[in-house]
1. So which residues in the range B:465-509 are out of contact with any His (no Cβ under 9 Å at 6 or more places or on another chain) and among the β-branched types (Val, Ile, Thr), if there are any at all?
2. Just for the range A:81-130: of the residues that are open to solvent by 30 Å² or more (accessible area, probe 1.4 Å) and among the hydroxyl-bearing types (Ser, Thr, Tyr), which one is modelled with the lowest pLDDT?
3. Looking at B:Glu343, B:Glu326, which is the one that is within 25 Å of B:Tyr301 (Cα to Cα), open to solvent by less than 20 Å² (accessible area, probe 1.4 Å) and in the same structural domain as B:Gly270 (by TED's automatic domain parsing)?
4. Tally up the residues in the range B:324-347 that are part of a loop (DSSP other than H, G, I, E, B) and either within 9 Å of another protein chain (Cβ to nearest Cβ) or on the phi > 0 side of the Ramachandran plot (or both), please.
5. If you go through the range A:33-49, how many residues are open to solvent by 60 Å² or more (accessible area, probe 1.4 Å) and either in contact (Cβ under 8 Å) with a residue 24 or more places away in the chain or more than 13 Å from chain B (Cβ to nearest Cβ) (or both)?
6. For the list (1) away from every other protein chain (no Cβ under 14 Å); (2) open to solvent by 20 Å² or more (accessible area, probe 1.4 Å); (3) in contact (Cβ under 8 Å) with a residue 60 or more places away in the chain; (4) of a type in the set (Gly, Ala, Ser), I need the number of the one condition that B:Gly247 fails.
7. I'd like to check which helices (runs of 4 or more DSSP H) are fully inside the range B:67-176 and have at least 2 residues that are within 20 Å of the chain's Cα centre (by Cα) and of a type in the set (Val, Ile, Thr).
8. When the residues of the range A:52-74 are narrowed to those that are part of a helix (DSSP H, G or I) and more than 9 Å from chain B (Cβ to nearest Cβ), which ends up surrounded by the most Cβ atoms within 10 Å (Cβ to Cβ)?
Amino acid sequence: MSSTNGAILETPSITKHVLGVLVENHHGVLSRIAGLFAARGFNIDSLTVSATEDSSMSRMTVTLTGDTTVIDQIRKQLNKLAEVITVEDLTEQGLHIERELVLVKVEYSPEKRTDLIEIAAIFKAKSVDMTPETIAFEISGSQEKIDNFLTMIAQEACITELARSGVVALARGSGGLRKSFYAD
Amino acid sequence: MAIAEEAIITLEEERGGGPHALAGNEMMGAEMVIQVLADQGVDTIFGYSGGAILPTYDAIFRYNAGNPDKEIRLVVPANEQGAGFMAAGYSRSTGRPGVFLVTSGPGATNCVTPIRDCAADSIPAILICGQVPRAAMGTDAFQEAPVFNIMQSCAKHTFLVLNPEELEATIRTAFRIATTGRPGPVVIDLPKDVQNWTGKFRGEGYLNLRGYEKRFARLQAMRVSDDSMASFFHMLEQSERPLIYAGGGVINGEAATELREFANTLGIPGVTTLMGIGSLDTTSDLSMHMLGMHGTAFANYAVDDCDFLIAVGSRFDDRVAGKVHEFAPNARGIAHLDIDAAEIGKVKNVSWSYVGDTGRCLDDLVRYAKKTGFKKDYTGWQRHCAGLRGNHPLDWNRKSEMIQPYYVLEELNKITKGDAIVSTGVGQHQMWAAQYFDFKQPRTWLTSGSMGTMGFGLPAAIGAKMANPDKVVIAVDGDGSIRMNLGELETATTYGVGVKVLLLNNQGDGMVRQWQKLMFDQRFSGTDKTMHKKDFVKAAQADGYEFAERLHVNEVDKVPETLQRFVDHDGPAFLEVMIDPDALVMPMVGPGKSYREMIVGDWIKPRESEGPAAQMDGKTKADLF
Ligand SMILES: Cc1ncc(C[n+]2csc(CCOP(=O)(O)OP(=O)(O)O)c2C)c(N)n1
Ligand SMILES: [Mg+2]
């Protein structure tokens with residue numbers, strides 16, 4: 001009996017995952033992938049799509065939070081799509097570089113200006129626009145760093161507009177999605 | 001320095017065949033479509049024309065005029081949904097993808113149901129839809145619908161052909177995707193100007209779907225390692241009561257021969273799912289018939305008793321494992337063989353798995369058993385199963401003065417003896433047909449399993465009969481289901497397709513009534529059809545059925561003789577049998593219940609050890625579908 005407990009009934013630990021997905025650069029691929037997440041009720045935190053080193057491919061980076069059974073099921077379902085070239089869980093593979101670009105605008109009162117600029121300096125954020133009432137920062141980095149930065153500036157001023165690019169990620173070292181796809 | 005792969009590639013299968021006889025010829029896109037279909041061996045197209053697909057219909061006409069010896073039959077239904085189910089019946093009964101061809105907008109949207117139906121049951125099919133010209137797309141043009149968007153959430157794959165240079169490769173690739181890996185339907189959305197475009201025919205080439213091809217090559221190469229073999233046989237050796245649980249994957253994967261060999265060599269009995277019927281010969285000793293919500297009591301008891309479950313091409317669907325953690329509660333191990341990695345561990349964790357061609361895996365297991373001299377005596381367990389079958393058979397009120405549906409099917413089965421192709425609608429009649437018919441061969445039981453689509457039966461039978469003209473093909477339908485595609489009655493006579501339509505008329509949506517009876521305190525909201533005026537026999541006569549008869553509910557004694565004439569009739573035949581409207585499908589494992597909570601009704605003997613016969617309490621709400 002021990003080996004046959006229902007997979008859908010288990011609740012293993014919930015962690016954040018970053019999936020790197022290479023897809024054929026065809027019409028409608030993004031909508032197909034987004035449609036898969038929607039139809040199967042998979043919640044994702046962010047999804048980015050972009051060109052790659054190979055013009056016949058696009059790269060998607062999906063970040064999601066879930067337990068291993070759910071992540072495993074998502075990977076398997078992605079692998080069933082004809083236009084998916086390869087799917088890898090970069091978190092599982094260990095070391096990877098992860099970045100998100102964020103533009104954030106705050107309304108501040110004059111006495112907070114130097115505080116804001118100091119926080120920005122600590123987080124290596126750049127001020128990219130400024131008016132007497134508002135200041136816009138650009139910051140890139142890991143989601144964690146960005147979340148911390150946003151928490152800090154929210155204590156000093158009112159965030160009036162925020163745009164996040166979603167996460168992009170690469171494996172560290174000599175590996176890579178395309179390379180490992182062709183390697184084996 | 002962008003590096004890019006070729007968009008169109010030659011596959012291994014194509015190499016060495018020499019160029020296509022028509023390679024290099026100038027052709028219209030529409031002609032290329034039909035030529036590739038012909039090259040793929042398509043002999044029948046089901047479909048309905050219209051503005052956006054006219055060039056392709058014209059190309060069929062011209063192809064047939066130019067190739068009188070290998071004409072492609074064109075079958076026009078009453079409704080595109082009918083074409084879809086005809087294609088599905090063709091495909092399910094042969095394994096070759098059925099093809100349907102429709103116009104844009106409403107023609108395409110009428111095909112959503114059959115496409116989803118095929119996808120849900122893993123049936124290969126090809127749908128080509130006309131689309132408004134590329135320049136008009138996105139302008140809300142006449143008969144424009146977002147077919148790509150609609151279909152991509154339903155089909156295995158969807159193409160929109162925007163580059164005519166890729167047209168012929170797209171059609172070929174559609175067949176490849178439909179038939180490889182876990183099969184499924186592929187939709188091609190084809191703008192009218194692409195059909196009218198003229199270019200050079202290459203006669204070869206596929207779209208380069210690298211990931212798909214690589215994964216498929218891996219699946220093809222997948223063998224069971226010696227270690228894995230050893231662990232499978234270790235589990236089998238430890239087990240005293242192994243049971244096969246075979247699903248539609250065995251049929252779709254053409255693995256029935258290997259499954260039977262596996263069962264017979266090792267002496268392991270098996271149950272099948274609704275979709276797996278025909279994977280084992282139901283008349284064989286090791287067959288325990290269907291399990292699940294309306295499975296036989298003996299099959300479900302065997303599942304409760306087994307200590308090792310071998311799932312082959314089945315997926316622990318909620319109609320089988322309503323209460324997942326109490327499914328096969330005594331199984332110390334489960335082995336799962338499937339072509340689709342996503343099915344492994346999706347519902348139930350398993351102790352041994354294989355992802356790939358199930359037939360090859362079973363074959364490898366049998367070889368390994370022979371090589372290593374594996375022997376285990378399961379005769380005690382076989383006797384136990386035979387005892388279950390003998391003691392808890394399907395049964396019904398044999399003294400009733402009203403025609404019982406079970407009686408009709410039992411008598412019909414005596415005539416067809418497990419050799420007929422049987423299709424069904426959805427409802428009680430479907431379950432009765434699954435329970436009471438024998439099926440000696442795979443691909444003879446055609447039913448909408450996962451979607452449960454009413455209206456499937458009649459058109460599916462037409463498609464199957466066209467593909468199998470020498471077989472007896474019977475559509476067992478319900479009064480509700482047949483209404484859904486009643487227009488197709490005429491399609492059978494128009495094309496002289498000798499299907500036998502058996503209508504089990506209980507004057508209502510019997511299956512829904514059954515749930516209302518058991519779970520909604522007998523409030524028959526929207527399911528009573530005693531006031532309906534339809535005279536089905538007259539309808540059949542009006543559509544040209546030379547055999548169109550009715551048995552009244554009290555004409556019990558006329559059943560055998562009438563059925564014999566019905567089956568013997570040369571050509572399409574229609575028989576309506578008025579049955580006891582209160583007949584129930586038993587046994588029943590309620591939604592979300594375990595097999596221990598199975599109710600058996602008044603005529604099937606429950607087993608003592610199950611404790612007091614379970615009852616469905618009249619007020620349990622069916623939260624679970
Ligand atoms: C297209 C569709 N609509 C609704 C249903 C829900 N449904 C399942 S069985 C059934 C009743 C079927 O009635 P009938 O065909 O007469 O079969 P019976 O149960 O009476 O044998 C209904 C409405 C369905 N399965 N398919
Ligand atoms: Mg009915």
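The values are calculated or read from the model by the stated rules, or taken from the named source; none is laboratory data. This is a predicted model, so every value here is computed, not measured. Positions of Cβ are generated from backbone atoms using ideal geometry, with glycine treated the same way; all protein chains shown enter the neighbour counts. Just so you know, the surface numbers come from the protein's heavy atoms only, side chains and all, with ligands and any DNA or RNA stripped out. Shrake-Rupley method; radii C 1.70, N 1.55, O 1.52, S 1.80 Å.
1. B:Val472, B:Val473, B:Ile474, B:Ile482, B:Thr491, B:Thr493, B:Thr494, B:Val497, B:Val499, B:Val501
2. Applying the filter and picking the extreme gives A:Thr91.
3. Every option except B:Glu343 fails the conditions.
4. 11
5. 4
6. In the conditions (1) away from every other protein chain (no Cβ under 14 Å); (2) open to solvent by 20 Å² or more (accessible area, probe 1.4 Å); (3) in contact (Cβ under 8 Å) with a residue 60 or more places away in the chain; (4) of a type in the set (Gly, Ala, Ser), B:Gly247 misses (2) alone.
7. Counting at least 2 such residues, we get B:112-120.
8. The selected residue is A:Ile74.
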